[in-house]
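The values are calculated or read from the model by the stated rules, or taken from the named source; none is laboratory data. What you see is a predicted model, and the numbers here were worked out from it, not measured in a lab. Glycine also receives a Cβ, built like all others from the backbone with ideal geometry; neighbour counts cover every protein chain displayed. The area values use the complete protein model at the heavy-atom level, side chains included, leaving out ligands, DNA and RNA. Shrake-Rupley method; radii C 1.70, N 1.55, O 1.52, S 1.80 Å.
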Amino acid sequence: GEDVEQSLFLSVREGDSSVINCTYTDSSSTYLYWYKQEPGAGLQLLTYIFSNMDMKQDQRLTVLLNKKDKHLSLRIADTQTGDSAIYFCAAGLSGGYQKVTFGIGTKLQVIP
Amino acid sequence: DVKVTQSSRYLVKRTGEKVFLECVQDMDHENMFWYRQDPGLGLRLIYFSYDVKMKEKGDIPEGYSVSREKKERFSLILESASTNQTSMYLCASSLEKENTEAFFGQGTRLTVV
């Protein structure tokens, strides 16, 4: 089955850019997601990208997809202390959330 | 505003107790899901449901059951709680089978002692 891997921890200074990386194994994954989890809260969808896209930009967020290497990244420009959270990468086949595999989550710490 | 509500934020139960975790969504979504979240393991799907009275096993259904008597409510049941079921439980819902977004509740942190 699908396996999604991401690093456990990232620390950046306020104002710098953050880049969170993720790799997945199933080349037939159609949907690639980034979710954010703030302390004590559930997951919130930040953005998603279809596998036929290379890049998606949404305000401070840029998602890059290298389908050949099965590598997904999330770049947060001008990182703020409010961006401190756990970020989950997820990959899924078409056909609903029962086929979505989540990574273990990357904890982003923003240093003032 | 989209809302998925889990009935408890924190629960402490004894080994062997029957435990009910309740989840309600107000978005008229077809699909509902129960995950557990453990450090270093991410989210793992326990059960899901695409319709009322319908349920399907996820990746780790052992020790759990579910009930969906009404469209808006999806309950997770631990028939006989064990310490290895101590975890954060997250409920989610999505509109359609092919939908690109799932909405999550705030989570229930269950401790079994």
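The table below lists the values:
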item: Subset of the range B:84-102 [open to solvent by 10 Å² or more (accessible area, probe 1.4 Å) and modelled with pLDDT under 90]; result: B:Leu95, B:Glu96, B:Lys97, B:Glu98, B:Asn99, B:Thr100, B:Glu101
item: The lone exception for A:Phe88 - which of (1) at the interface with chain B (Cβ under 10 Å from one of its Cβ atoms); (2) on the phi > 0 side of the Ramachandran plot; (3) modelled with pLDDT of 95 or more it fails; result: (2)
item: Total residues in the range B:39-78, condition open to solvent by 20 Å² or more (accessible area, probe 1.4 Å), touching a residue at least 40 places away in the same chain (Cβ under 8 Å) and within 14 Å of chain A (Cβ to nearest Cβ); result: 1
item: Residues of the range A:103-112 satisfying the condition of being within 14 Å of another protein chain (Cβ to nearest Cβ), open to solvent by 10 Å² or more (accessible area, probe 1.4 Å) and in a strand (DSSP E or B); result: A:Lys107
item: Members of the range B:1-26 found to be open to solvent by less than 40 Å² (accessible area, probe 1.4 Å) and within 14 Å of another protein chain (Cβ to nearest Cβ), listed by number; result: B:Val4, B:Gln6, B:Ser8, B:Leu21, B:Cys23, B:Gln25
item: Residues satisfying the stated conditions in the range B:55-74, i.e. in a loop (DSSP other than H, G, I, E, B) and more than 19 Å from B:Asp26 (Cβ to Cβ); result: B:Lys55, B:Gly58, B:Asp59, B:Ile60, B:Pro61, B:Glu62, B:Gly63
item: Residue among A:Thr25, A:Thr62, A:Thr101, A:Thr79 that is at negative phi, without any contact (Cβ under 8 Å) to a residue 40 or more places away in the chain and within 16 Å of the chain's Cα centre (by Cα); result: A:Thr62
item: Residues satisfying the stated conditions in the range A:53-97, i.e. over 25 Å from B:Arg44 (Cα atoms) and open to solvent by less than 10 Å² (accessible area, probe 1.4 Å); result: A:Ile76, A:Thr79
